[in-house]
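Heads up: the structure comes next, in structure tokens.
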Amino acid sequence: MSRPDRDDHRRPPEPADLLEELDRLERTVESPEEREQVRRTIRIARRLPHGGVFGQRIRGFGPPDVAEAFVGSVVIGLPLLVEDGVLEIGAFMAASPAFFALNLAFALGLVVGLLYVARFQRVEIVNPYFGVLPRRLVGVLAVSFVTAALMMTLWGRVDWADPWLALCQVSVIFTGMAVGASLGDILPGERRHE
């Protein structure tokens, strides 16, 4: 009935399977004492020596994640803010909207790749917006864009008199900051939000 039992014939069970089974068991146990025992067992299992992504599971997206994404975006974005090439690239994209769209697609692809494909950590999608959009993806992109727009405005790097040009210039910084926000969010380690 449990997933590792079904999968035993196809592949050997992985440590992550054990954690999933313990999580399922925790949800089914009714006694507070038994539930605490299962939680202690989960904590022990997560402390076992491991390789890969065992025990490194990230769920949800809360205030600590926002702070980590912000720090990561600033660390990557600060050097870009002082480069005049960023303004030139933004001006090029303002003249060629197709390149603006390609840049946004590129940024989205980088973030999705870092969060969900590269598997630096085991990032789980929990309670997505509208049943489709992962909270972590939306959060990392929002933090990156707001940070880029605020910092470029604060440092006088964009003139919002021409909003399209300013948006294109911000999008260049946003691309770099999105990478930094993704790494800043997932690399610090395991965290679990319910």
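We did not get these values from a lab; they are worked out from the coordinates using the rules stated. Bear in mind that the values here come from a model prediction, so they are computed numbers and not experimental data. Virtual Cβ from ideal backbone geometry, glycine too; neighbours counted across all protein chains shown.
Structure above, values below:
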{"read-out": "Charge dipole magnitude, Cβ of K and R +1, D and E -1 - segment 58-192, Cα centre, debye nearest 20", "value": "640"}
{"read-out": "Length added when fully stretched, ASN127-VAL82, from 0.36 nm per residue minus Cα-Cα", "value": "12.3 nm"}
{"read-out": "Cβ-defined net charge surrounding VAL179, 15 Å radius [Lys, Arg +1; Asp, Glu -1]", "value": "-1"}
{"read-out": "Förster radius 41 Å - calculated FRET efficiency between ALA95 and PHE120 (Cβ-Cβ, nearest 0.05)", "value": "0.65"}
{"read-out": "Length added when fully stretched, LEU102-GLU26, from 0.36 nm per residue minus Cα-Cα", "value": "22.8 nm"}
{"read-out": "Potential extension, GLN37-THR153 segment - 0.36 nm per residue separation minus Cα distance", "value": "36.5 nm"}
